[in-house]
Structures are given as structure tokens and as C-alpha cells.
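Take this structure, written in C-alpha cells, and hold onto it; I'll ask about it next.
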Amino acid sequence: MSTQRRAPLWRRPFPEPPAGLRRGPFAPGAIRPAGRSAALSARLGLWLGAAFGICLVTGLISHGIQHPPSWFLWPTRPVSLYRVTQGLHVATGLATVPLLLAKLWAVYPTLFRWPPARDAADLLARCALLVLVAGAVFELVSGVLNTARQYAVMGFGFPAAHYWTAWITTGALVIHIGAQAAVVRRVLRESRRRTSGPPDDSAADRTAENPGRAGNDAPADPVTTRRAVLATVAAAAGAVTLATVGQTVRPLSGLSVLAPRRPGLGPQGLPVNRSAAGAGVLATATRDDYRLVVAGTRTLRLGLDALAALPQHTADLPIACVEGWSASARWTGVRLRDLLAEAGVAPGADVRIESLQRSGAYRAATLPAAFAQDPLTLLALRLNGGTLHLDHGYPCRLIAPNRPGVLQTKWVAWIGAHR
Ligand SMILES: Nc1nc2c(c(=O)[nH]1)N[C@H]1C(S)=C(S)[C@@H](COP(=O)(O)O)O[C@H]1N2
Ligand SMILES: [Mo]
């Protein structure tokens, strides 16, 4: 019996796997380092972590507005805050694509490290890594598909899958950061010392994850190589951003060769996501006997003339789509709070808005009382100086400050207290 204290269970080394299994990519020297280094992986990891963090927080905000838990408070001002947070969500997500590709290129040799897992803690970290890679790839692919092809491709399943995968990926990322933090700190410290001081050996590039190979395999100057790779990745991320961010930053829209939407393109100078034909409301939205129903202690039935006879107000408010495009426009119509007061809906009530559209995830929306009572929240009849275009929600549509586009219901048919 040993009196020596033993390592905790999760740190006890596994038995060495049989050497005969060490074949293919696991064979010693099978993968050449070709410019890869731990210092490069560490820096890419930091960049990715920053982009992922912004993407996660802004994504949680967007989810919170659309499925608010009781504690979630989203303000009505500034009117364009959601435009900024969702623009950031999509922009950081897109910039992450080249970062993630570079990171995968930089670290994939470590997938074939020998032995594959040293102990139980290492095994957990390695499993988390697989979850992290799969989750990150899924988030980027599904997000890009959603921005490019809209909701039709993945249907209503997209938001739920994108949301839950984000949590799973975050969990795996936390484990990964826990496992790598010490390595990253050491690598960065060593490479900083090395880049400021006289060149010496490539100690910073030899770590547990990249043990280094035969000297004549190593690149002549790892620092120069690393900088070149990082500069290329930064340029790629910058190019992706420039080619897409014009979908929300109007002055850059001329550069938006990759953006699926552009502000200013569409009827009345505004993009359209779901057209009247697509929503199946062509016939019902154009009927002469259209009546908007506002249900409270009294029930109002208002035709277009009756709506136009009510006091009209104008507001400059953006449509900010979850897909990342956004555009501001000038809306004119009736204040929602005037209609609610007229029908006797309690001012503290959350308000439900329903469309003429019969089916589809975005045929109805719930407006918290603060938004329903906001003086800028309109039932718009006019857009940019003309009668609301059929594809923008004629006869009338909701437009409220600081809300995602999906909640700005078009072709409104019914308004009442949410129950
Ligand atoms: N009834 C209804 N309203 C809707 C939608 C819808 O599918 N049905 N799509 C929403 C989405 S996703 C966005 S981004 C905005 C776009 O408004 P616009 O077409 O006027 O630009 O409308 C919203 N209103
Ligand atoms: Mo949207």
C-alpha cells in the first residue's frame, strides 16, 4: 500500500493504447505543421471567443424579445437599438465563418493527437471539443441559410434549433475554455516575450497541443508565418463584413454584393420578406368590405375611410429583420393607443395583433403594454408618402419602435387584449 497521495480520479492517466492502433493520421509525423502553431490557434481562439460572445448576447436579446420570460424587460427607446443588436448578431456571425475555418485548419492535427485522451478530464474536454465544433458549424450554417433563404427553407424549426444549439455550444465552449485557458495564457506570454526580444527557438509554438515536429519540417520563421495567416484571416473577415453589412448600414449598401437584401430595394423603397401573394391575402386585403376589428369593452369595426378619418401621426421607424437587414422608413397612420382607448382596452394590457393571413408563424404578435401605449406605435396606412403597398401590409400594418421585423404584423385584421 502506497502512502503517497494519488491523483484525483479524473486525472489518473489512462493505460497507454496499443501502439498498433497508431496508424493513418495518428502515425507520427503524418500531418505536417505547415505554418500551424499553438500561438496561432490561441489568437484565433481569442478572436473567435470575442465574436461568439457578441453573437450570443445579441442572439439572446432577440430571442428574449420574441419569447419574453417574465423578468425580461426590453425598452421602447432608442427606437433603433434592436436594429443595432441584430445587425451585430448577423455581422459577427458572418465574420465568424472565415475565423472558424481558419481555426479548424489550425487545430485539426490535434484531433489526431496520441494518445487520443490522457485521462478522464482530458476525455471530457475532447468530447466537449467535438460538440463545440459540431455546434458552431450548425449555428453558422443554419444562420446563413436563414438569412439567405428566409424562413421557408427550415420553417419554424429554425429559431428553436438555432436557440438550443447555441446553449449546447456555449456549454461546450465553457469546458473548452476551462481546459485551454492555462495553455493560451502561457503561449501568449511566451510568444509576446519572443516577439519583443531577440529571436530564439520556437518554444511558444511547442505545446501540449502542438508538440512540434522535426526541425527541418518547421517553417523558417513561425512569427512571420503566424502574422501572415492572421492578416489573411482578418482580411477575409473584413471582406465578408464589407460585402454584407450594407444590408443594414445604408451608406455601404453599394458594396453589399453578398447581402441577400438591400435597404432601398423593393416597393416604396423598402425590402419585402413575405409578399401579400405569399401570405395568401391578395383577395382578403383588397375587399371593399374590409373592416379592422378592435375588441375591448366595445367592439370597433373600422373600414379604411374610418381609419383615415381618425387623427393621423407620422413616425420615422426602422424595419429591422432578424435576418440582419434593416431600413428606416416614414410611416403615417393611427396611434395604436388611440384605438385601444376608443375600444376600452385597459392601458395596462398586453395587446394581441392578428393578420388577415390564415396560417404562418408570423400571422400574429403580442405587444407588451409599454409598446402598445407608446406614442410612436402606429397602425400605419401610409409609407414614405404613399398609400401602404399591398406587400407592406395594406390596408394597415403595425409599426412599433425597437422591435424585430417578425413582430411588425402586416395586413392587420384584429386587435384586442392578449389573454
Ligand atoms: N402577417 C405577416 N406580417 C409580417 C410577416 C409575415 O410573414 N406575415 N413577416 C414579418 C417580417 S419577417 C418582416 S422582416 C417584416 C417586413 O416588413 P416589410 O415587408 O414591410 O419590409 O414584416 C413582418 N410582418
Ligand atoms: Mo423578418
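Please count how many residues of the stretch 396-419 are outside any loop (DSSP other than H, G, I, E, B), within 9 Å of ligand 1 (Cβ to nearest atom) and in contact with a helix residue (DSSP H, G or I) (Cβ under 8 Å, 6 or more places away or on another chain).
Of the residues in that region, 4 qualify.
To continue, here is another question. Quick one: is Ala341 part of a loop (DSSP other than H, G, I, E, B), at pLDDT 95 or above and either open to solvent by less than 10 Å² (accessible area, probe 1.4 Å) or more than 14 Å from ligand 1 (Cβ to nearest atom) (or both)?
For Ala341, the condition - part of a loop (DSSP other than H, G, I, E, B), at pLDDT 95 or above and either open to solvent by less than 10 Å² (accessible area, probe 1.4 Å) or more than 14 Å from ligand 1 (Cβ to nearest atom) (or both) - is not met.
Can you find a residue that is free of Cβ contacts under 8 Å to residues at least 12 places away in the same chain and either closer than 28 Å to Gln247 by Cα or under 14 Å from the mean Cα position of the chain (by Cα) (or both) anywhere in the stretch 72-90?
Scanning the stretch 72-90, I find at least one residue that is free of Cβ contacts under 8 Å to residues at least 12 places away in the same chain and either closer than 28 Å to Gln247 by Cα or under 14 Å from the mean Cα position of the chain (by Cα) (or both), so the answer is yes.
Here's the yes/no breakdown for (1) open to solvent by 10 Å² or more (accessible area, probe 1.4 Å); (2) assigned to a loop (DSSP other than H, G, I, E, B); (3) within 16 Å of ligand 2 (Cβ to nearest atom):
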site: Thr314; (1), (2), (3): yes, no, no
site: Leu317; (1), (2), (3): no, no, yes
site: Gly324; (1), (2), (3): no, yes, yes
site: Arg330; (1), (2), (3): yes, no, no
site: Pro347; (1), (2), (3): yes, yes, no
site: Ser359; (1), (2), (3): yes, yes, no
site: Tyr362; (1), (2), (3): yes, yes, yes
site: Thr366; (1), (2), (3): yes, no, no
site: Tyr394; (1), (2), (3): yes, yes, no
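Same structure again: If you scan the stretch 375-392, which residues turn out to be under 24 Å from His63 (Cα atoms), open to solvent by less than 10 Å² (accessible area, probe 1.4 Å) and assigned to a loop (DSSP other than H, G, I, E, B)?
Correct list: Thr377 only.
Of these, Gly59, Gly45, Gly53, which one is surrounded by 14 or more Cβ atoms within 10 Å (Cβ to Cβ) and over 17 Å from Pro404 (Cβ atoms)?
Only one candidate qualifies: Gly45.
While we're looking at this one, here's another question. List every residue pair whose Cβ atoms sit under 6 Å apart, with the two residues 6 or more apart in sequence or on different chains, where the first one lies in the stretch 96-113 and is part of a helix (DSSP H, G or I) and the second, anywhere, is basic (Lys, Arg).
Matching pairs, first to second residue: Ala106/Arg36.
Name, by its number, the condition in (1) more than 16 Å from ligand 2 (Cβ to nearest atom); (2) at pLDDT 95 or above; (3) within 28 Å of Gly59 (Cα to Cα) that does not hold for Arg419.
Unmet for Arg419, out of (1) more than 16 Å from ligand 2 (Cβ to nearest atom); (2) at pLDDT 95 or above; (3) within 28 Å of Gly59 (Cα to Cα): (2).
Take the stretch 276-295 and flag every residue that is within 16 Å of ligand 1 (Cβ to nearest atom) and assigned to a loop (DSSP other than H, G, I, E, B).
Gly280, Val281, Thr286, Tyr290 - these are the residues of the stretch 276-295 that are within 16 Å of ligand 1 (Cβ to nearest atom) and assigned to a loop (DSSP other than H, G, I, E, B).
Quick check on the stretch 296-308. Is at least one of its residues within 16 Å of ligand 1 (Cβ to nearest atom) and part of a helix (DSSP H, G or I)?
For the stretch 296-308, residues within 16 Å of ligand 1 (Cβ to nearest atom) and part of a helix (DSSP H, G or I): absent.
Related question: Quick one: Leu265 ticks every box in (1) in contact with a strand residue (DSSP E or B) (Cβ under 7 Å, 6 or more places away or on another chain); (2) within 13 Å of ligand 1 (Cβ to nearest atom); (3) farther than 30 Å from Ala160 by Cβ except a single one, so which number is it?
(1)
Sticking with this structure for a sec: Search the stretch 230-265 for residues being of a type outside the set (A, V, I, L, M, F, W, C) and open to solvent by 40 Å² or more (accessible area, probe 1.4 Å), and hand back the single one that is nearest to ligand 2 (Cβ to nearest atom).
Pro260
Name the pairs: first residue in the stretch 316-328 and on the phi < 0 side of the Ramachandran plot, second residue among the acidic types (Asp, Glu), Cβ to Cβ under 8 Å, at least 6 apart or on different chains?
Between residues of the stretch 316-328 that are on the phi < 0 side of the Ramachandran plot and residues that are among the acidic types (Asp, Glu), the close pairs are Ser328/Asp316.
The values are calculated or read from the model by the stated rules, or taken from the named source; none is laboratory data. Treat the numbers as computed from the prediction; the structure is a model and nothing was measured. Don't worry about glycine lacking a Cβ; one is built from the backbone with ideal geometry, like all the others, and counts go over all protein chains shown. Heads up: the accessible areas ignore ligands, DNA and RNA and are worked out on the full protein's heavy atoms, side chains in. Shrake-Rupley method; radii C 1.70, N 1.55, O 1.52, S 1.80 Å.
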